[in-house]
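Here's the structure, in structure tokens; my notes come after.
Values in this text are rule-based calculations from the coordinates and carry no lab data. Please read all numbers here as calculations on a predicted model, not as lab measurements. Positions of Cβ are generated from backbone atoms using ideal geometry, with glycine treated the same way; all protein chains shown enter the neighbour counts.
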Amino acid sequence: MIELIQRILESPVGSFTFIFGLMFLAGWLIHYVTKYIVSNQNAIKKLDLLPCDENSRKLASLPCDTHSKLLDKVTETLNETSNKLASLPCDTHSKTLDKVTETLNETSNRLASLPCDTHSKTLDKVTETLNETSNRLASLPCDTHSKTLDKVTETLNETSNRLASLPCDTHSKTLDKHSQKLDELKTEVVEAKMDIVAVKTEVVEMKGMMHIHYQSTLSKAKSPETLTEEGEKLVSDYNLIDMVNNNWSKIEASINALGTKNPYDIQEFCRKTAYLDTDSPKNAKFFSNEDIEKLKIISFQTGYPLVLITIVMGILIRDRYISENDIIVELPTK
């Protein structure tokens, strides 16, 4: 508590606050004591009017011991407060107050002299510039620019009207011709793509014929074509059936798009598409790029041509599709 009071006294603002508080306390104590004395005097006057023995004894005993001690403490506190107020401000705070007063006087003098001659001239120039600018803005647009703006507006209106009327009849007919030619070109491109697919299909068939001497190693040339023991071992060693199962939803959707239940058509589609996937991975219908890379690695490791490995994959796909879709593989008996 003592340290807090010391810190408050060391601060200029705190000292003022503390002094003001002491003065307020002293005033309150003086008021209280004055009020108490006045009330006692009124009581004495009343007692004088009633000089009975009982009141005489009471007056003789005033102030009582309790109030006498209280008055002594109040008197002592007032004396101490009076001595402290008499010594205020102390030397330290007196110097601080002198500095504060000096600073306030200097600041007051500076404010009284504002604006100075230099800044006054600058402010005059700024005011003059603002007035000139304001006058110029008030006169905009001038006659010269007004005519230019009118021409620009007229040009914009003409341009807008021309754009609104586009395309004109002449250009409209030209655009129709170009559009028709574009449609024809698109048709030709589609036909060319179909020819390319047909060529790729023929290439697949040719590759199959070129490697027919490998046929007996992986599949049996009978109807329907089936896997040999080596073919089944290849499927088992490289877990090829999982490759089919992992892509089955995509494979089944591609076969369903054929719209046929003919087992031969399904078989040929499975064989050709399996190979075309490896030949053109971007347009693959059955397998992912990772699966195609795996098939190529299997071909490299085993020495089997890639076309024969895709025939194995086509057989696996054909068998599952025929089994799950109840495809009839035998001719009906008469």
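Distance between the 7 Å Cα→Cβ label points at Lys261 and Thr101: 11.9 nm. Both radii come from the Cα set of region 228-297: Rg as radius of gyration, Rh as Kirkwood radius; their ratio Rg/Rh reads 0.97. One Cα centroid belongs to region 133-157, the other to region 253-302; the line between them spans 73 Å.
Can you give the FRET efficiency to the nearest 0.05 for Glu268 and Gln301, using r as the Cβ-Cβ distance and R₀ = 25 Å?
Values: r = 28 Å, r/R0 = 1.11.
The computed FRET efficiency comes out at 0.35.
Highest average first, the peptides 105-111, 304-310, 87-93 ordered by how many other beta carbon atoms sit within 10 Å of their residues are 304-310, 87-93, 105-111. For the residue pairs Lys35/Lys69; Lys181/Lys250; Lys186/Lys294; Lys181/Lys285, alpha carbon separations beyond 26 Å are given by Lys181/Lys250; Lys186/Lys294; Lys181/Lys285.
Rounded to the nearest 0.05, the FRET efficiency derived from the C-beta distance between Ala112 and Leu71 at R0 = 41 Å is 0.15.
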